[in-house]
Amino acid sequence: MEWTNKKILVVVAHPDDELLGLGATIHRLVRQQGCTARAVILGEGITSRAAVRDLEQWAAELRVHRGNIGRAAEAIGYASTGIYDFADNRFDSVDLLDLVKVVEQEKEAFQPDIIFTHHGGDTNIDHRRTFEAVITGTRPLPGEPMRTIIACETPSSTEWQAANYPNPFLPNFFLAVAEEDVAAKIAGMEAYEFEKRAYPHPRSPEALRIQAQRWGVVIGQPFAEAFMLIRHIG
């Protein structure tokens, strides 16, 4: 696959999802291939930690969370971000069409060559709905310009799905990354004050490095990230 100077749209559910499964890859593609990447974050990502969604109660945290998006984007090399406020872990209460319209609007405005999004079998309902919205918003109708869709894993969601769930993450596409790309991913994750965790949590710096080494071993490289190629029209 040719990556040089491509425009990459990353459509995810929550702040930190734009780097957990593919942060090292985006850093490498921006650094090495001259790609331009935009992250679209559909949900506010925090209010589900209370029994009732009360935006006033979480106003201070939401301001911090949005500020952290900018710090993480700078660490990875995202050229821009689109930030929305769909209710955290409640995407199943939103009409799918509302999510699709955002995907379509972002696609039309940015004109990407490639879209990365969540794996459609994740534990998190918001991830699954985001995947559905991307697939729906990029149907291969006559004239549809989007030709490549790639799904990424999200540590602390993808691997926590039940083993007998009918849609497992079975990577068939890998990108080797360098140690500096993994370091950038970890730095981006550490920018998220409410999301970073201590080892052995999957979002900890140690675990993210181990995951990159694990996929590197699979393909005979020091580090890598793993994906599922959903659609590629050559």
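Assorted remarks:
- Relative contact order of segment 111-234: 30 percent, from C-alpha pairs under 8 Å at least 6 residues apart in sequence.
- Between amide H atoms placed 1.01 Å from N, distances below 5 Å from Thr123 occur with Thr158, Trp160, Gln161, all of them 5 or more places distant or on a separate chain.
- The residues packed around Arg209, meaning those with a beta-carbon under 13 Å from its beta-carbon, carry a net charge of -3 if Lys and Arg are +1 and Asp and Glu are -1.
- With only Cα atoms counted, segment 89-162 has Rg and Dmax values of 12.7, 38 Å.
- Near Ala226, once Lys and Arg are set to +1 and Asp and Glu to -1 for all other residues with Cβ below 12 Å from its Cβ, the sum equals -2.
- Inter-site label distance for Tyr199 and Leu96 at 7 Å from Cα along Cβ, in nm: 4.2 nm
- The modelled label-to-label distance between Arg71 and Arg139, using points 7 Å beyond Cα along the C-beta direction, is 4.3 nm.
- Toward the positive end of the charge dipole of the chain, with +1 on the Cβ of Lys and Arg and -1 on the Cβ of Asp and Glu, the farthest Cα among Ser48, Pro145, Ile135 is that of Pro145.
- For the chain, the relative contact order works out to 25 percent when only alpha carbon pairs closer than 8 Å and six or more residues apart are counted.
- Under 9 Å, Cβ to Cβ, from Pro15 - net charge with Lys/Arg +1 and Asp/Glu -1: -4
- Computing FRET efficiency as 1/(1 + (r/R0)^6) for Asn172 and Arg53, where r is the C-beta to C-beta distance and R0 is 41 Å, gives about 0.65.
- Averaging the Cα positions of each part gives two centres, and for segment 46-65 and segment 101-140 these lie 25 Å apart.
- Label-to-label distance, Arg31 versus Ala79, with points set 7 angstrom from Cα along the beta-carbon direction: 1.9 nm.
- Three-way shape call for the chain based on the alpha-carbon gyration tensor, with the a/c threshold at 1.5: rounded
Read-outs: derived from the displayed coordinates by stated rules, not from any lab. These numbers come from a predicted model, not from an experiment. Note: ideal-geometry Cβ built from the backbone for every residue, glycine included; neighbour counts use all protein chains shown.
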